[in-house]
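Data first, discussion second: the structure below is written as structure tokens.
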Amino acid sequence: MTGKQGDSAVRNEKIVVTDDWTRNWQARIAIKITAIFLWVIILSGFATVVFFTKDLDVHIEQEISHDLDGVAHRVQSALSRQGSELGPDSGDGVRLLIEEAISQNGVEITGHAGIVGFRFTVAGQSFDFGTLRPGLASAKRQIVTPGGVGDETAELEAFFLPAADSAKQTRQELIITVVVVLLLFGMLLSLTIQNVLAKPLQAMMDAIQQVSNGDLNLRLDVSRKDEFGHLSRFFNQMLSRVQTQQEALTEANRELVSEIAVREQAEQKLRAHQDTLEKVIEERTRDLEVARDQALAASQTKSAFVANVSHEIRTPLTPIIGFAEAMLHGGQDRREQEQSLRTIIRNGRHLSYIINEILDLSKIEANSLDIESIAVDPFALLSDVESIARVLADEKGLGFQLAYQFPIPRRITSDPTRLKQILMNLVTNAIKFTAKGQVEIAVRYDTAARQLSLTVSDTGIGISRDKIERLFQPFSQADYSTTRQYGGTGLGLYISKRLANLLGGDISLESVEGLGTRFAVRVSVGEVDDLELANAVPAADRDDLVDLHRLADVQLDGNVLLAEDSPDIQRLMRYLLQRTGARVTAVENGERAVEAALREDYHLILMDMQMPVMGGCEAVELLRASGCCTPIVALTANAMKEDRERYQAIGCDGFLPKPVEQAKLYQVLGKYLPCRGDQAAAVESPGERQEDTGVGEIVAQFLRGLDDYARRIDAALREQRYADAQELAHQLKGMGGAFGYPGITACAAELEVALKGGDPRLAAAPGEALVALLNSTALADAVPETA
Amino acid sequence: MAYKDRILIVDDVALMRDLLKGVLRGFGYDNVHDASCGEDALKLMQRDNFSIVMLDINMPGISGMKTLQKLRELDHDVFVVMVSAHSSAENVKQAIENGVDGFIVKPYTQKKVGEMLEKYRRRVSVGDVG
């Protein structure tokens, strides 16, 4: 700010020509010029006069002498001509004669220069002419008078001022004249010069003064052709330029000012921004603090959860270890032993359940939960849930009801495992928290929303309103005391809700404390083009369901190779397998499994996938490469879909997740092992005829049915009913080997695979081969039977 | 039913050759030839085409494994089955690395041989389709 003020001060300072400055004559050029001229003129005039009058006195003397001679000569001549003598009476004549001579000679007797007077003396008589006064100088000439007495002589004397005086006088007069003339001339010259030089200079100066005082619009007169004219033009140009620059500068200045204004505005904005920012930062900081507190709280909750989980894990472990040790030490009677075992099993299951939930939770949190989308029979699924729930409800003396509100889709597209998990969670919860009364599952199909609605209601303790919100949150179970009292991890509901979301639905909850709770699950029925609605519970699909009772009744036969490195699991599996009547060979790694499988004939190989020395995958690959076609079922804890696909790709026929569930194990065994007493399924070479009559009849029946199969397959393929053809091939695959015709099994399997591949063209060749094989087998083997 | 496929059995023990021949005949394979050592087998292979080679591992002269290698150099497509009492997984692995199509462990059951022939037939039919 100070700098700016300084600038304007300089700019506004006016150059003032003061009176003192003008009064000082030395400072005025006009006066100077005039003075110089006057001096020069006076001096040069003086010098000239002196120079030219240097020899003036001599000159005057000569002139006087000359004039005197002239006059004298005239006087002589005049006298001679008259010839008369001069007498005293002739005085007037003489006078006249001399005056005439003087005037004829051009001499003026003025009295102040040259000859001022003459004196003619003759015969003692003098005649004066002019004014004669003392002090004058004189010169004489002798004049001879003719006819006179002898040599009578007259004398003419000229009087004149002395030469020096005359010269001096002349000089003074001259000087005065010259100086006066020169002065006049000088004054004139000086005026002219002033006009030419000083005036325009003065005008220019005034102009400059005016300009310097800020008047840039002023222009000088440029009419003059001389340097002043040029100067004026240049000055004007300069002024124009200065004016332009001044204007530009002014403009720039204005811009600058406006820019400064803008800047100031921006600065203001910036400051405002900064304030906002600071406010935002403050807010963020507050948010962060809140988040940090939340994170801390979450961390604390997690810690509490971990503590709870470890407690939950230890809780079932304690009875497992305790009862097992008690049994090991002996001393228990049979009933007590059974009691101990039941406790161990129950707790083991619970432990497994807890671990599964934790795994599910971690997968959900990591968004890596695989959701399948396959055809699901809701009736079969609910029937499974019912069979377990009813047992649990019975144990507690509760009623259980499964109520369908028809119509309900025959099949939906969903993930059966997850759907079942949700329902099981809700149902077991309901049973857990209900002391008396009943638990009900109500099923309904919401046509508009294309959702299956499953409501699980109980008459239990209910949930208080304030706890409902928190119920679906992970790690924040309403009250750990509930967990202590009722068990469970408190994760079930969170997992269930997330699973329901993944299945295209949700879970909602209504509860009245003390009266009961109602959970409503809704799941999408998925992309079903042609939804087949059932109006009654369809007959159970026996093919798909495991009939545990049948398995318990019917003993199995056959050889099973079990590859499992853990001795405990090996023992457990051996026990479970032998219970069905199957013979078990157990090996501890993949190498042993390969060797055994190549050496012996097995109906089934159960292969653990993680084993030392040689893993299950390598063993399966080796076996398949070396031509072994025994069915192999993978045992693994890797339950991921990709893992299953990989196992299938390397040649596994099935898959059993670990820990192995009895029901699933028996389902697998039932699929691959022949039933006891079913001799047709015994390992026999196809070349050998079955001698046993009973078995022979079965085989004969099988063979008689072959041409029918051949016809049906042929027809199905021709009419492009590929699903039917696949089903027939599947049946034959199962029967062929069992009846001692592995060729049929292989051929049928090939057809089945081709049909499953989805490209019917690939099915043509194996189809023909199978039909041919069936026909030839039926012919070759049926003939002796009929014979 | 009878198959036309030419089979070559390579085993130094005559009894073993005869046994396998009998089993193969039981499955309908009559066109069976034999050799008592790897060298003879390779000579036969150079002269005639075979569909299946049943190869013992432990033989005097060049071993079955070596024969397998040389044989693969001659013919990439022939279906080779190792028939050996050396059933260690290491052997199996080596044989597979050398390009064997099947491995039958002695003593074998007819079922094993039958399965191997099924595998061969399957491959032939797939080959036809392809």
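The values are calculated or read from the model by the stated rules, or taken from the named source; none is laboratory data. This structure is a prediction, so every number in the text was calculated from the model and none was measured. Virtual Cβ from ideal backbone geometry, glycine too; neighbours counted across all protein chains shown. Side chains are part of the model used for accessible areas, which takes the heavy atoms of the whole protein and leaves out ligands, DNA and RNA. Shrake-Rupley method; radii C 1.70, N 1.55, O 1.52, S 1.80 Å.
What to note about this one:
Yes/no matrix, rows are residues, columns are (1) out of contact with any helix residue (DSSP H, G or I) (no Cβ under 8 Å at 6 or more places or on another chain); (2) within 23 Å of residue A:360 (Cβ to Cβ); (3) outside the structural domain of residue A:574 (by TED's automatic domain parsing):
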position: A:610; (1), (2), (3): no, yes, no
position: A:623; (1), (2), (3): no, no, no
position: A:628; (1), (2), (3): no, no, no
position: A:631; (1), (2), (3): no, no, no
position: A:641; (1), (2), (3): yes, yes, no
position: A:644; (1), (2), (3): yes, yes, no
position: A:654; (1), (2), (3): no, no, no
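- Segment A:492-518 - residue that is of a type in the set (Ser, Thr, Tyr) and out of contact with any Gly (no Cβ under 9 Å at 6 or more places or on another chain) and, of those, farthest from residue A:360 (Cα to Cα): A:508
- Residues that are closer than 30 Å to residue A:748 by Cβ, at pLDDT 90 or above and within 14 Å of chain A (Cβ to nearest Cβ) number at least 1 in the following strands (runs of 3 or more DSSP E) confined to segment B:16-130: B:52-55, B:79-84, B:102-105.
- All conditions but one from (1) of a type in the set (Lys, Arg); (2) at pLDDT 80 or above; (3) in the same structural domain as residue A:202 (by TED's automatic domain parsing) apply to residue A:11; the one that does not is (2).
- Qualifying positions in segment A:551-604 - of a type in the set (Gly, Ala, Ser) and either within 14 Å of chain B (Cβ to nearest Cβ) or more than 60 Å from the chain's Cα centre (by Cα) (or both): A:552, A:558, A:563, A:581, A:582, A:586, A:590, A:593, A:596, A:597
- Verdict on residue A:306 being loosely packed, with under 14 Cβ neighbours inside 10 Å and over 59 Å from the mean Cα position of the chain (by Cα): no
- When residue A:610 is tested against (1) away from chain B (no Cβ under 13 Å); (2) more than 60 Å from the chain's Cα centre (by Cα); (3) of a type in the set (S, T, N, Q), exactly one condition is not met: (2).
- In segment A:581-604, the residues that are open to solvent by less than 10 Å² (accessible area, probe 1.4 Å), touching a helix residue (DSSP H, G or I) at 6+ places or on another chain (Cβ under 6 Å) and in contact (Cβ under 8 Å) with a residue 40 or more places away in the chain: A:604
- Those helices (runs of 4 or more DSSP H) of segment A:686-787 in which at least 1 residues are farther than 27 Å from residue A:651 by Cα and modelled with pLDDT under 80, considering only elements entirely within it, cover A:693-718, A:760-786.
- Of all residues assigned to segment B:45-57, at least one qualifies as being of a type in the set (S, T, N, Q) and closer than 15 Å to residue B:80 by Cβ.
- Top-ranked residue of segment A:218-242 - restricted to ones that are surrounded by 12 or more Cβ atoms within 10 Å (Cβ to Cβ), in a helix (DSSP H, G or I) and not hydrophobic (A, V, I, L, M, F, W, C), ranked as farthest from the chain's Cα centre (by Cα): A:229
- Members of segment A:371-387 that are part of a helix (DSSP H, G or I) and surrounded by fewer than 14 Cβ atoms within 10 Å (Cβ to Cβ): A:387
- Qualifying residue in segment A:461-473 (condition: open to solvent by 40 Å² or more (accessible area, probe 1.4 Å), at pLDDT below 85 and closer than 22 Å to residue A:442 by Cα): yes
- Residue A:192 vs. criteria β-branched (Val, Ile, Thr), part of a helix (DSSP H, G or I) and either open to solvent by less than 50 Å² (accessible area, probe 1.4 Å) or farther than 30 Å from residue A:238 by Cα (or both): no
- Residue in segment A:40-53 that is nearest to residue A:137 (Cα to Cα), counting only those that are out of contact with any helix residue (DSSP H, G or I) (no Cβ under 9 Å at 6 or more places or on another chain) and open to solvent by 70 Å² or more (accessible area, probe 1.4 Å): A:51
- Of the residues contained in segment A:516-527, one or more are found to be open to solvent by 40 Å² or more (accessible area, probe 1.4 Å), more than 30 Å from residue A:433 (Cα to Cα), at pLDDT below 85 and not aromatic (Phe, Trp, Tyr).
- Only one entry of A:365, A:325, A:386, A:336 meets the criterion of being assigned by TED's automatic domain parsing to the domain that holds residue A:498 and either without any contact (Cβ under 8 Å) to a residue 40 or more places away in the chain or within 27 Å of residue A:658 (Cβ to Cβ) (or both), and that entry is A:386.
- Qualifying residues in segment A:617-635 (those that are buried (at least 24 other Cβ atoms within 10 Å of the Cβ) and modelled with pLDDT of 90 or more) - the one nearest to the other protein chains (Cβ to nearest Cβ): A:622
- Condition check for residue A:420: farther than 19 Å from residue A:386 by Cβ and open to solvent by 50 Å² or more (accessible area, probe 1.4 Å): no
- Residues that are at pLDDT 80 or above and within 17 Å of residue A:417 (Cβ to Cβ), drawn from segment A:648-662: A:654, A:655, A:656, A:657
- Those residues of segment A:389-404 which are farther than 20 Å from residue A:520 by Cα and either touching a residue at least 40 places away in the same chain (Cβ under 8 Å) or not in a helix (DSSP H, G or I) (or both), in sequence order: A:397, A:398
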